[in-house]
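One structure below.
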Amino acid sequence: MARETINCVVMFADVAGSTAMYENMGDDQARERISKSLNTLISITRRHSGKLVKTIGDEILVYFADTDMAVYAAKTIQETMEDDRSPETVGVSIRIGMQYGSAILEDNDIFGDTVNVAARIASLAGARQILCSQEMAFMVKNVDLTNNMRPFDRLRLKGRKESLSVYMFAWEDDGDITNMATASSFTNPSRHQLAEKLILTYNGERQTIPVETTSFVIGRGKDCQLVVSGGLISRYHSKIEHRRGKFVITDQSTNGTFIKTQENQVIFLRREELTLVGSGYISLGRKFDLADENLIQYFSE
């Protein structure tokens with residue numbers, strides 16, 4: 001294949017939590033589940049005029065000539081993978097990172113800064129998230145797509161003086177869109193002391209989440225780090241991350257997450273984030289009740 005320089009959207013889409021899947025399901029079953037999931041992703045991207053470059057372990061690398069089609073493909077991927085009824089998607093979540101720019105096509109592969117930036121953006125994404133650069137977000141033409149673009153974070157890149165502004169595409173229905181609380185305590189480093197670990201107590205057992213943790217998922221999915229069963233609990237109900245010296249919980253469920261703080265304030269999260277400060281309780285999918293057997297106690301120190 002001759003060397004060619006093109007302008008395109010580069011997309012990385014990979015299976016979130018694949019390591020846990022291998023540990024919980026075994027190599028053969030996990031490999032089969034991931035392989036079927038990647039085939040689903042490839043089929044969706046091709047239907048949206050995407051060109052598959054290659055699969056890399058548990059992720060695919062694809063490029064698109066059209067920005068809107070790339071976003072539509074990402075949206076369709078997340079909607080499809082959310083469907084519990086398909087054996088190819090049960091227990092699998094996808095994270096997606098994209099960037100628009102110049103890239104080199106050669107020998108059935110793609111190279112360049114755009115590819116590297118897309119990979120970095122994908123590494124920033126959590127399960128079920130679609131991220132892209134601000135530059136790409138501003139290039140999207142369809143109003144229905146642009147209305148769901150949200151500022152997400154800033155990413156420092158090697159060799160660049162200025163950090164890269166990253167946007168999130170909120171692919172869910174309007175009632176489920178995550179509200180990015182840009183003025184909340186987790187974005188204010190002076191608001192609270194830095195937390196060194198978070199301790200969760202559930203069903204008489206304690207789990208310690210260290211600062212090195214990038215994603216600790218709570219839900220009824222067997223590959224969650226903390227498995228909690230219940231009729232109102234989603235497969236991947238809530239996620240805890242350590243960011244900027246804080247432990248942040250993000251609700252990603254259907255029925256929401258209730259947090260009771262040490263000040264006895266009950267906060268309801270629905271596709272929203274909150275910093276876990278001091279001690280309190282986490283209730284998944286139902287209002288706070290001290291007698292609830294699925295109640296999770298937390299302590300940040």
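Nothing in this text is a laboratory measurement; each read-out follows from the coordinates by a stated rule. This is a predicted model, so every value here is computed, not measured. For neighbour counting, all protein chains shown are included, and Cβ atoms are generated from backbone atoms with ideal geometry for every residue, glycine included.
Spin-label pair N108-T254: with each label point 7 Å from Cα along the Cα-Cβ axis, the two points sit 4.2 nm from one another.
I'd like the orientation of helix 27-47 relative to the chain: the angle between its Cα long axis and the longest Cα principal axis, in ° from 0 to 90, rounded to 10. On a 0 to 90 degree scale, this one is about 50. Rounded to the nearest 10 degrees, the angle from helix 67-81 to the longest Cα principal axis of the chain is 40 degrees. If you bin all the Cα-Cα distances of region 6-85 at 10 Å, starting from zero, the percentages per bin are 19, 48, 26, 7, 0.
Pairwise inverse Cα distances across region 185-300, averaged and inverted, put the Kirkwood hydrodynamic radius at 14.0 Å.
By how many nm would the segment from N116 to D153 grow when fully extended, if each residue of separation counts as 0.36 nm and the alpha-carbon distance is taken off? Net length gain for the segment: 11.6 nm. Over the chain, DSSP H runs of length four or greater, each weighted -39,500 (n - 2.57), average out per residue to a 222 nm ellipticity of -6500 deg cm²/dmol. Among 147-157, 227-237, 120-130, the peptide with the highest mean count of other Cβ atoms within 10 Å heads the list, and the full ranking is 120-130, 227-237, 147-157. What's the FRET efficiency of T146 with V266 using the Cβ-Cβ distance as r and R₀ = 30 Å, to the nearest 0.05? It comes out at approximately 0.25. Global size of region 4-176: 15.6, 47 Å for Rg and Dmax (C-alpha atoms, Rg to one decimal, Dmax whole). Taking the C-alpha atoms only, the angle from helix 113-124 to the longest principal axis of the chain is near 20 degrees. When you count the other C-beta atoms within 10 angstrom of each residue and take the mean per peptide, 106-112, 211-217, 241-247 line up highest first as 241-247, 211-217, 106-112. Under the simplified labelling scheme, the S49-R3 pair shows an inter-label distance of 2.8 nm, with each label point 7 Å from Cα along Cα→Cβ.
Panel values: the chain, Kirkwood radius from alpha carbon pairs, Stokes-Einstein at 4 °C and 1.567 mPa s, translational diffusion coefficient 64 µm²/s. The slack between E301 and V211, meaning 0.36 nm per residue of separation minus the straight C-alpha distance, is 31.3 nm.
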